Amino acid sequence: MIDDLKGDESWRMFRIISEFTEGFDRLSSLDYAISIFGSARLPPDNPHYQKTVELAKALGEKGFGIITGGGPGIMEAANKGALEQGVPSVGLNIRLPQEQAPNQYQNLSLEYRYFFARKVMFVKHSMGYICMPGGFGTMDEFFEALTLMQTVKIYSMPMVLFGVEYWQGLLDWMRASMLPEGAISESDFDYITLTDDIELTVSIMEKHRIFKRKMREKPGE
């Protein structure tokens, strides 16, 4: 019985390695892509869904690829906008017992068994994050990216919370509860932009792209 368990764990290690290997290989040519997160439960007639399509198209017009979790709702909307604009529309799909079914608007689709392997792909291949209204999964991606930047495990990148009415309460709570206790610093809020403005969001991503290009051009880089 113990030997069987050890064997299962060994094969799990190989499955994990295969997910990393496939992701690194298939996404290696992806450049200047933006990850868009949000609820899987919002239908196409929801205003947040429609705004996401508009935002993804606006980013696509400027040459940004779009990466999502590949599912329905906001993820579908973002992939739809990217596909309509003719830019890379990437779906990093996760196997789940409910909710997650790959949307039809992906021109590059990968499937993951493990959330942590999938998260690495978001961080490695994105130069900016946009969090549309969403639930636990969106919050998970938001706070993990903030943690990685705060602890200098990754270079800083734009982090946009899109939807002032939806997200304002979260930031108010962070300022009212976390900040006074010393759990976070005032400077941590510099990582976050809260907005309803598509043009501002695109402008933020464009400025960061210029910065990254300049970094690439530095001698020795």
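When the trypsin sites (Lys or Arg not before Pro) in segment 7-47 are filtered for DSSP coil states and for at most 15 other beta-carbon atoms within 10 Å of their beta-carbon, the remaining sites are R41. Listed values for segment 22-36 are Karplus-derived 3J(HN,Hα) couplings in whole Hz (6.51 cos²θ - 1.76 cosθ + 1.60, θ = phi - 60°), namely 5, x, 4, 5, 6, 9, 4, 8, 6, 10, 6, 9, 10, 8, 10, and x replaces Gly and Pro.
Peptides 198-206, 155-163, 129-137 ranked from most to least packed, by the mean per-residue count of other Cβ atoms within 10 Å: 129-137, 155-163, 198-206. Computed over the chain, the Cα gyration tensor eigenvalues convert (square root of 5λ each) into semi-axes of 27, 22, 20 Å, ordered from largest to smallest. Quick check of the Kirkwood formula: for segment 148-196, what is the inverse mean of 1/r over all pairs of different Cα atoms, in Å? Evaluated on segment 148-196, it is 11.7 Å. Rounded to the nearest 20, the Cβ-based charge dipole of segment 32-217 about its Cα centre (Lys and Arg +1, Asp and Glu -1) stands at 820 debye. Calculated FRET efficiency, F115 to S28, Cβ-Cβ distance, R0 = 35 Å: about 0.95 to the nearest 0.05. The mean sequence separation of alpha-carbon pairs under 8 Å and at least six residues apart, normalised by the residue count of segment 66-195, gives a relative contact order of 18 percent. Convex hull volume per residue, computed on the Cα atoms of segment 129-221, equals 104 Å³.
The calculated FRET efficiency for L200 paired with M174, based on their beta-carbon distance and R0 = 30 Å, is about 0.90. With the simple model of a label 7 Å out from the Cα in the direction of the Cβ, V152 to Y191 spans 1.4 nm.
How much length is gained on full extension from M139 to V123, taking 0.36 nm per residue of separation minus their Cα-Cα distance?
Details: separation 16, 0.36 × 16 = 5.76 nm, distance 1.49 nm.
Value of the extension gain: 4.3 nm.
Cross-link reach is defined here as a Cα-Cα straight distance under 30 Å, omitting same-chain residues fewer than 8 places apart; for K62 the lysines meeting it are K51, K80, K119, K124, K153, K207, K212, K214, K218. A protection proxy built from the mean count of other Cβ atoms within 10 Å ranks the segments 50-58, 208-216, most packed first, as 50-58, 208-216.
Bear in mind these aren't lab numbers, they're just calculated from the coordinates by the rules spelled out. All values reported here derive from a predicted model rather than from experimental measurement. Cβ sites come from the backbone with ideal geometry, for glycine too, and all protein chains shown count toward neighbours.
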